[in-house]
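The values are calculated or read from the model by the stated rules, or taken from the named source; none is laboratory data. Keep in mind that what you see is a predicted model, and the values were worked out from it rather than measured. Here the Cβ positions follow ideal geometry from the backbone for every residue, glycine too, while neighbour counts run over all protein chains shown.
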Amino acid sequence: MAKNKSLGRWLISGPPLLYLLIFFAIPTLIMAFAAFRFPGDYGGLLPFIDINPESGKNELLIHAGNWQEFLTFENFSRFFEDTIYVELFIKSFWYAGITTLVCLCMSYPLAWLIARSPKKYRDLLILLVILPFWSNFLIRVYAWMIILGPQGYFAMTINQGLALVGIAPIQLMYSHFAVIVVLVYVHLPFMVLPLYANLEKHDVALLDAAQDLGASGWRRFWKITWPLSLPGVWAGSALVFIPALGMFAVPDLLGGTDGMMIGNLIKQQFLDSRDWPFGSVLSIMLTLAVLMMAGLGMMIGRGRQRNAL
Amino acid sequence: MHSKQSKWLWAAAIFVYGFLYVPLIIVVAYSFNDSKLNAEWVGFTFKWYGLLLHNEQMLVAARNSLIIAVVTSCCATVLGTLAGLAMHKYKLRILPILVLTPIAIPEILMGVALLIFFVMLNMTLGLVSVTLAHIAFCIGFVAIVVRSRLQGMDEALVEAARDLGASPIQAFRLVTMPLIMPGIIAGALMAFTLSIDDFVITFFTAGAGASTLPLQIYSMIRIAVTPEVNAISTLLMLLTLTLILIASKVAPSALRAK
Amino acid sequence: MALLEIRDVVKQFGDFTAVNHVSLSVEAGEFFTLLGPSGCGKTTLLRMLAGFEQPDSGEIILDGVNVAGVPPEKRPVHTVFQNYALFPHMTVAQNIAFPLKMANVPSEELKQRVAEVLEDVQLTPFAQRFPHEMSGGQRQRVAIARALVNRPRLLLLDEPLSALDAKLREEMQIELINLQKEVGITFVYVTHDQGEALALSHRIAVMNKGQVAQLDVPEVIYSHPKSRFVADFIGQCNLLDGTIVGIGHDRMQVEIAGVGIAETLLLPDAKVGQKGTLTLRPEKIKLAASLPLDVADEVHFKGKVHDCLYLGDVTMYVIELENGILVETMLPNSAPGRAKFFDDNDLVELAWRYDAGHFILS
């Protein structure tokens, strides 16, 4: 019977486990390993196994004597030697940070309002937040290309307004502004949902009690609602910040030359300059950054929660 | 709550809803505009939809997307359901990590890792590589929906079935399976939409071999903004909306999982 | 031989011993109850009978067969679950047919037996309904019908009435007694409600901390609790600490500190100087402004009214004895007119027959 049980266990967990090992875990490890290798002559990686010019057969070329010709830390030192890479990381953090902050400011009142509206409308109001999110990501980016494009009504109106006060027309497309607006647009529901899930659970009686004890509206918010909602704030921030950090399509389409992020550089290394080892270094750095942010968010979230209690 | 505060809140909420919907409405509206530019409104027309039907590249891309999405959805549903069951039933540490990280990390990381992997295996990038990649990231979403459905199920039901004479397999087939079916269907629909919508991972794993609708849209909007894109976008939105409506009928709770 | 024998069964979850060397036997046709507070091990014991848990040691013998290692579906035992566990995607008829289908009963016979059982529980008109379309009491009856339809040797009931409101619970208790009489199947019933246990059972095993504290018929459990725990758990009970000071031929004297001497039934192995507790049910105590002192066989004390609680049919008076000990007594409100005989701080006298109470050695 015990044998049967473990057989069933492997029949159930085996297939997905195997699939994800092959198509997620192993590729990720290979990528991590690629960061220590040299690029090949025609892009990609310098192969370990290749045709030996002497024997004309496929042979393992790497051995104890020559491993330095195949493995290196050079790709990592290159990352730190030139400041443009670190600067690009900082800029990406800045983009993702601003995006997160704007998402938070826009989502909080909305989430609060939905959480306080009558029960029968709540699901509908939340569905309305999610619905646009289900349309294709590129369509959502494209929509802003129309709006911000020089012939769009929005851009024209703004420039006409600026002309009235004597300022030269500005370009909205291909700017920091465009990148951040669209990053906010595509990530907004990620912030609203966890905030709403948190605020919905708040006990209204707490606010009544605070009011009863003489706290004013703002004080009530900062002393009660805000600290209690921090777990939701941190969850939402992580859900916005992490994907925003790795974004490449938005800056690609709307950012122009100035609006590059880490994602664009990674894409460049893999698809344009075909320098896989350095692309892998960048990916590893991005992974570390994500892990760091996730860990930081979790730590602050926990600490704050304890303080709030 | 003071009514003044309430007014501000409502204003903020209406602003956010407007922010969410106006861009999409613009896309739909311009798809009926009789002008090559997405600027002035000239007149109503269906011609962009007509053009779409004669756009060979677009039709191929649509066919590819559909094939990939159907295969992905089938495979990911089976594997994701198994993963959901396993996560619910067994305390295997590694499985949740493997299932959930692909969802949590930026998509680009999975994209490049799979690119290296497929090239190292000497695989020709194309429909197959894209489908394999899509399955890998859809498993997690299906697993989450199925697991939440299992968590909502009364454990005693399976025990009752056993108690009344059902073998473990009969109990699964007659009780567990019908009860988690809405979750499985919702998961399948979700995998389908995720696959048909995916851009980033497809971008890295498709190579020159296979264009999909998102890739097609991407290459079109990189060059120029044309009303044809509006038309295909509108159609895609309609498709997703239909799928969501079906999903909400089958399993209302599933909508919140994404 | 008994239908069910539990021999020295032990079950541990990690460090926690849920069932600790329990032995008991249940006769065929009996209505047997496992009674105890939550965490006393009664549910674990039931789950071992059903086959959901395996005992760490000891034997469970059903019909002369050791059922250790037999999976639940192979045991002639069915369970009525606490929240009924009706299959929500099946109709009432399908739910009831489930165990018959599992037993491969031919379809003609299956239909007939489902119809019969539906008749028994008066649910024939509801056969095609789904569980969520039915009331709590109706669902309860479906659960019982489903567990009975395949005529198990043993029916296990896990707090089946706890989800119902008080009124309905009383009705269902009567239905359960009648049903058990009718079908003649052995019931093992788990509950934490002592009233329910007293009303329904032929025999009760009171459980505490994984062990059987007392196993007997309801009357004995109620009137002669073997331990402080049982006395306290079953109904209202006064517990007066005291020491044996004298032993006669059929009774003994117990000194209750600061109050006086009370006579009580002789315990066979009692010795002078032993300490213990006198248990006394409130309804066995007489209470009046003054009581005749010299009635034979009666114990007599003075006190004053500390509190009174009007409960409708009776009023509970809490009397403070001279040393500050509180004693609960009850007076029925049977007389017309005044429902309340005393007020707070009234001086009163108490008396009880020497055999009304019961001394437990500690």
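Values computed for the structure shown
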item: Any hit, the stretch B:43-52, residues being buried (at least 23 other Cβ atoms within 10 Å of the Cβ) and not acidic (Asp, Glu); result: no
item: Residue list for the stretch C:152-182, filter: buried (at least 16 other Cβ atoms within 10 Å of the Cβ) and farther than 17 Å from C:Ala199 by Cα; result: C:Pro152, C:Leu154, C:Leu155, C:Leu156
item: B:Ile103 vs. criteria surrounded by fewer than 19 Cβ atoms within 10 Å (Cβ to Cβ), part of a helix (DSSP H, G or I) and within 16 Å of the chain's Cα centre (by Cα); result: yes
item: Candidate set from the stretch C:140-166 (those that are more than 22 Å from the chain's Cα centre (by Cα) and of a type in the set (Val, Ile, Thr)); member that is modelled with the highest pLDDT; result: C:Val142
item: Helices (runs of 4 or more DSSP H) within the stretch B:1-98 that include 2 or more residues within 9 Å of chain A (Cβ to nearest Cβ); result: B:3-30, B:56-89
item: Matching residues, the stretch C:174-227, being of a type in the set (S, T, N, Q), more than 24 Å from C:Asp63 (Cα to Cα) and either modelled with pLDDT under 85 or not in a strand (DSSP E or B) (or both); result: C:Asn178, C:Gln194, C:Ser223, C:Ser227
item: Count - residues of the stretch C:75-109 that are part of a helix (DSSP H, G or I) and under 22 Å from C:Gln180 (Cα atoms); result: 8
item: Qualifying residue in the stretch C:110-128 (condition: more than 28 Å from B:Thr176 (Cβ to Cβ) and either facing chain B (nearest Cβ under 10 Å) or surrounded by 16 or more Cβ atoms within 10 Å (Cβ to Cβ) (or both)); result: yes
item: Long-range neighbours under 8 Å by Cβ, at least six apart or interchain, first residue closer than 14 Å to A:Ala25 by Cβ within the stretch B:96-124, second part of a loop (DSSP other than H, G, I, E, B); result: B:Ile105/A:Gly246; B:Leu109/A:Gly246
item: Yes/no for B:Val71 being touching a residue at least 24 places away in the same chain (Cβ under 8 Å) and within 28 Å of B:Leu213 (Cβ to Cβ); result: yes
item: Filter pass, A:Ala168 being part of a loop (DSSP other than H, G, I, E, B), over 24 Å from the mean Cα position of the chain (by Cα) and without any contact (Cβ under 8 Å) to a residue 40 or more places away in the chain; result: yes
item: Cross-chain or 6+ apart pairs with Cβ under 7 Å, the stretch A:105-122 first and not in a helix (DSSP H, G or I), then not polar (S, T, N, Q); result: A:Ser117/A:Leu125
item: Those residues of the stretch B:179-229 which are in a helix (DSSP H, G or I), of a type in the set (S, T, N, Q) and more than 8 Å from chain A (Cβ to nearest Cβ), in sequence order; result: B:Ser195, B:Thr202, B:Thr205, B:Gln216, B:Ser219
item: Helices (runs of 4 or more DSSP H) fully within the stretch A:194-285 counting 1 or more residues that are over 30 Å from A:Lys119 (Cα atoms) and within 12 Å of chain B (Cβ to nearest Cβ); result: A:226-245, A:262-267
item: Answer from B:Gly152, B:Gly140 - the residue that is within 14 Å of chain C (Cβ to nearest Cβ), within 21 Å of B:Leu100 (Cβ to Cβ) and touching a residue at least 12 places away in the same chain (Cβ under 8 Å); result: B:Gly152
item: Failed item, numbered, when A:Leu125 is tested on (1) more than 7 Å from chain B (Cβ to nearest Cβ); (2) farther than 21 Å from A:Leu195 by Cβ; (3) within 28 Å of the chain's Cα centre (by Cα); result: (2)
item: Residue among A:Val184, A:Val165 that is within 9 Å of chain B (Cβ to nearest Cβ) and either of a type outside the set (Phe, Trp, Tyr) or surrounded by fewer than 20 Cβ atoms within 10 Å (Cβ to Cβ) (or both); result: A:Val184
item: All strands (runs of 3 or more DSSP E) inside the stretch C:228-319 with 1 or more residues being without any contact (Cβ under 8 Å) to a residue 24 or more places away in the chain; result: C:251-256, C:260-265, C:298-310
item: C:His306 being crowded, with 16+ Cβ neighbours inside 10 Å, under 31 Å from the mean Cα position of the chain (by Cα) and either of a type outside the set (A, V, I, L, M) or within 24 Å of C:Ser227 (Cα to Cα) (or both); result: yes
item: Of all residues making up the stretch C:119-139, the number that are closer than 18 Å to C:Lys181 by Cα and within 29 Å of the chain's Cα centre (by Cα); result: 3
